[in-house]
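Notes follow once the structure below has been shown.
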Amino acid sequence: MQDDSIKDKALANRVSRLIVDAFNNLSVKSGKPGVRSNGVKEWTVLAGIAMIEIDETANYKVSPICFATGVKALPDKVRQYSQGSMVHDMHAEILTLRLFNWYLLKEMSLLIENDQYSSQIIEKCEDEAKFSLRENIELALYISEPPCGDASMTYIADEREPWQETKPEKRRKVDNEGTVLRGRANFDQLGKVRTKPGRADSLISLSKSCSDKLCMKQLIGINNCFTSYFMKDPIFIDYLVLPQSKACERDLTRCFYDRFQSKDHSVKYMKHIRCDDDGFEFQKPETCLSKVVPSQLSLLRVIPNGNTQVLNNGVKNGSFIKGKPPKPTGQSFICNEQFYLIAKTIANLGSFHYSSWKLQNHQRESLKEHGRSVLKYWPRTSIDDFQV
Ligand SMILES: [Zn+2]
């Protein structure tokens, strides 16, 4: 019997290798970081989800499901007009969770369309019109960097951070819910909810940091409102895979365990496992001095379906219209409106109003409310609503 830590390392290396290889082997005209016309190189973050199937003898098979790159988020004011047609949070790990949800929804739709279809990941429940994850399946989320926000505070303090703000910002008031820490401001404050990092002079995004979003998903699961409507039980991430050289155990423990410990009954904690050098070519630079800039683009890929897309400003690359939603052909396949279009092939959703439909899932909403009260100062983004 192998030592647990050896098994964990082997699994972490297997997962990271499969995701990085899937990225490297994808041949695309655009979407990967490049060199700008002024000679400046681009970097990005890569994240992906792999499925682990465990057999009776405890052997396992790992299959990559999806990956995404990206480090951008849209300003909150875009929500006033986006109407479910734009993707606001383009950080790699959040995009890959969206891709995973898209994959699940597609599998559900195929199972409904065709009685003979067999999905590698989900199956229809016998007693109700719901789906469940197949038995003996676990999920791993690989990220090439520690997630932004609380889980990467030491990493930032080590001055490995290329987006250093010029002066620390004041805490910003958010409605009546208290204050929120914007991005990397006040990085001496630990264990706190933060918004996505951005330049100090950028328009505010109230999108929460990836650390906070992933932390919350340990409570509510990774299903979005569409897939959770059809799933019997929530799906959780079992393993968070990070490069050994970048992950700080103290930060990870504080961010993902301590903030819930003793306050919670139903949290499904991710196990943190470390991979050796992952060989990802477009890594974030190690010092602020390097002449490299973050890529504007996100590359999306769902591996079993072969779906590939490049996002820019929340829409298909080349389809961005300033101050307006994109034309329908410019929408990303993982925007909320596209999720709705697949969902209605699975069940009749009636006359649909996104914001109120979402609230009807009382169990999910009450878990989210509970999570917000534990993590505190959870700023609300403006509503991005649509009706059909
Ligand atoms: Zn992030």
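Quick look at the numbers
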read-out: Qualifying position, being within 16 Å of the ligand (Cβ to nearest atom), outside any strand (DSSP E or B) and either closer than 17 Å to PHE226 by Cα or modelled with pLDDT of 95 or more (or both), among LEU99, LEU111; value: LEU99
read-out: Failed condition for THR195, given (1) closer than 16 Å to ARG380 by Cα; (2) touching a helix residue (DSSP H, G or I) at 6+ places or on another chain (Cβ under 8 Å); (3) within 15 Å of the ligand (Cβ to nearest atom); value: (2)
read-out: Enumeration of residues in the range 69-96 that are surrounded by fewer than 24 Cβ atoms within 10 Å (Cβ to Cβ), in a loop (DSSP other than H, G, I, E, B) and more than 13 Å from the ligand (Cβ to nearest atom); value: LEU74, PRO75, GLN83, GLY84, SER85
read-out: Breaking point among (1) under 15 Å from ILE137 (Cβ atoms); (2) within 16 Å of the ligand (Cβ to nearest atom), for LEU46; value: (1)
read-out: Residues (more than 14 Å from HIS91 (Cα to Cα) and in contact (Cβ under 8 Å) with a residue 12 or more places away in the chain) located in the range 302-314; value: VAL302, ILE303, PRO304, ASN305, ASN307, THR308, GLN309
read-out: Matching option when the condition is in contact (Cβ under 8 Å) with a residue 40 or more places away in the chain, closer than 17 Å to LEU242 by Cα and among the aliphatic types (A, V, I, L, M), among MET51, MET90; value: MET51
read-out: Residue in the range 153-164 that is aromatic (Phe, Trp, Tyr), modelled with pLDDT under 95 and within 29 Å of GLN309 (Cβ to Cβ) present; value: yes
read-out: 1 or more residues modelled with pLDDT of 95 or more: qualifying strands (runs of 3 or more DSSP E) within the range 288-371; value: 297-302, 307-312
read-out: Residue list for the range 54-70, filter: under 22 Å from SER298 (Cα atoms) and either among the charged types (D, E, K, R) or at pLDDT below 95 (or both); value: none
read-out: Set TYR117, TYR81, TYR103: member being of a type in the set (Ser, Thr, Tyr) and in contact with a strand residue (DSSP E or B) (Cβ under 6 Å, 6 or more places away or on another chain); value: TYR103
read-out: Any chance ARG301 is under 22 Å from GLY34 (Cβ atoms), of a type outside the set (Asp, Glu) and touching a Gly at 6+ places or on another chain (Cβ under 9 Å); value: yes
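The values are calculated or read from the model by the stated rules, or taken from the named source; none is laboratory data. Being a predicted model, the structure only gives us computed values, none of them experimental. Note that we place each Cβ from the backbone using ideal geometry, even for glycine, and neighbour counts take in every protein chain shown.
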